[in-house]
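Enquirer: Can you keep this structure in mind? I'll have questions shortly.
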Amino acid sequence: MSELTQHYENLPATIEELNQYVQYGKGRHKARLAALKTLESIEDSKNKKKELFHKMVDELVETWVAHAKLGELLGSPIEGGDKKSEKYHLEYNPSDLSPDDRRFARTFWEALQKGIIGKLEESIRKRENSPAYLKPYHEIISLKRKNNIITEPLLPNKYSVIVADPPWPIQSMLLDDKWKQDLEEEKYMPLSTEEISKLDVDSIAHSDCSLFLWTTHTYLQEAFEIIKAWGFKYHVCITWDKGGGWSVCGFHRRTEFCLYAYKGKMNISQTGKYIPTLITEPKRKHSQKPEIMYKLIEEHTPAPRIELFAREKRNNWASWGNQL
């Protein structure tokens, strides 16, 4: 029996008692954070700080598991129910349990079932030098969506063209308010370059296949490595001028890149107008790519085509991802 399972079995068995346990855990966490902040101003307190930090994580995990059990007892959401309604869950809820508390509890319960609580604990323990206030609900949603996309099997077909716009790991650049907005809008959660490279793209590629891989200035070098990992050979870079972008380190980054690579024989049409290596089109929604690029691909490449990490379905294209 794992420690999480054992702790789960030893928890109270009523909604009222579990709610009290969770509220106590939240208060205890705030007290630990205050103690850690005090230690930061004291010299030679590194070992004490490390010990207190790991004790805090132990207590946090206990609270998360209690939150998960509370979610189980609350029952599943009523189909079509209003999340702000007192009737959102099937079971009785004490008046001091807010709609957000109920929603969070169900999220923790689902996370515990999928092993995400353990992954979150592992991630938190690596933050000894920066034990900032945690937002476990947001982090669980992030891990849950990442787990969903990297475990979703690719379609069992072969494609002549593959377009991919991976969710590069840029979450550290997001501000709290935008991070919250991202969660609400169900955007792709960032994947590490290792996770992206391990996607079995080669298994869905026709023997003669074109790859169009979108990347940014920051991850341009890693994109070349991913092309190799997926079994393709780089050929040319297409630059997209978006008309606006980020200003970082003295540079205004208004462009993105689409790297063209291929395996087998290149299947780009050699007649008619050529594909330009510079396209200009104003940016639209978050990570939405220029429409002209899809048109150029359709005019110069053979079907069938697939878009990985797609954000909308397209006529005569296959689409893969969890944001459709």
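The values are calculated or read from the model by the stated rules, or taken from the named source; none is laboratory data. Just so you know, these numbers come straight off a predicted model, no measurement behind them. Every residue, glycine among them, receives a Cβ derived from its backbone with ideal geometry; neighbour counts consider all protein chains shown.
Enquirer: Could you pull out the residue among D182, D202 that is assigned to a helix (DSSP H, G or I), among the acidic types (D, E), at pLDDT below 95 and farther than 20 Å from V248 by Cβ?
Expert: Result of the check over D182, D202: D202.
Enquirer: Can you tell me which of K242, K228, K233 is among the basic types (K, R) and at pLDDT below 95?
Expert: K242
Enquirer: Within the stretch 112-169, work out how many residues are within 30 Å of H206 (Cβ to Cβ), among the acidic types (D, E) and at pLDDT 75 or above.
Expert: Within the stretch 112-169, residues that are within 30 Å of H206 (Cβ to Cβ), among the acidic types (D, E) and at pLDDT 75 or above number 1.
Enquirer: Moving on. For residues that are touching a helix residue (DSSP H, G or I) at 6+ places or on another chain (Cβ under 8 Å) and either hydroxyl-bearing (S, T, Y) or part of a strand (DSSP E or B) (or both), scanning just the stretch 280-324, find the one that is farthest from Y159 (Cα to Cα).
Expert: The selected residue is L308.
Enquirer: Among the residues in the stretch 303-312, are any charged (D, E, K, R), in the same structural domain as M266 (by TED's automatic domain parsing), modelled with pLDDT under 95 and surrounded by fewer than 16 Cβ atoms within 10 Å (Cβ to Cβ)?
Expert: For the stretch 303-312, residues charged (D, E, K, R), in the same structural domain as M266 (by TED's automatic domain parsing), modelled with pLDDT under 95 and surrounded by fewer than 16 Cβ atoms within 10 Å (Cβ to Cβ): present.
Enquirer: Which condition from (1) free of Cβ contacts under 8 Å to residues at least 24 places away in the same chain; (2) crowded, with 16+ Cβ neighbours inside 10 Å is the one that H300 breaks?
Expert: Evaluating H300 over (1) free of Cβ contacts under 8 Å to residues at least 24 places away in the same chain; (2) crowded, with 16+ Cβ neighbours inside 10 Å leaves (1) as the failure.
Enquirer: Could you say which residue among K285, K263 is of a type in the set (D, E, K, R), within 24 Å of G321 (Cα to Cα) and surrounded by fewer than 16 Cβ atoms within 10 Å (Cβ to Cβ)?
Expert: Just one listed residue meets the conditions, K285.
Enquirer: Would you mind telling me which numbered condition in (1) part of a helix (DSSP H, G or I); (2) in contact with a helix residue (DSSP H, G or I) (Cβ under 7 Å, 6 or more places away or on another chain) I268 fails?
Expert: The one condition I268 does not meet is (1).
Enquirer: Filter the stretch 207-226 down to residues that are in a helix (DSSP H, G or I) and surrounded by fewer than 23 Cβ atoms within 10 Å (Cβ to Cβ), then give me how many there are.
Expert: Counting residues in the stretch 207-226 that are in a helix (DSSP H, G or I) and surrounded by fewer than 23 Cβ atoms within 10 Å (Cβ to Cβ) gives 5.
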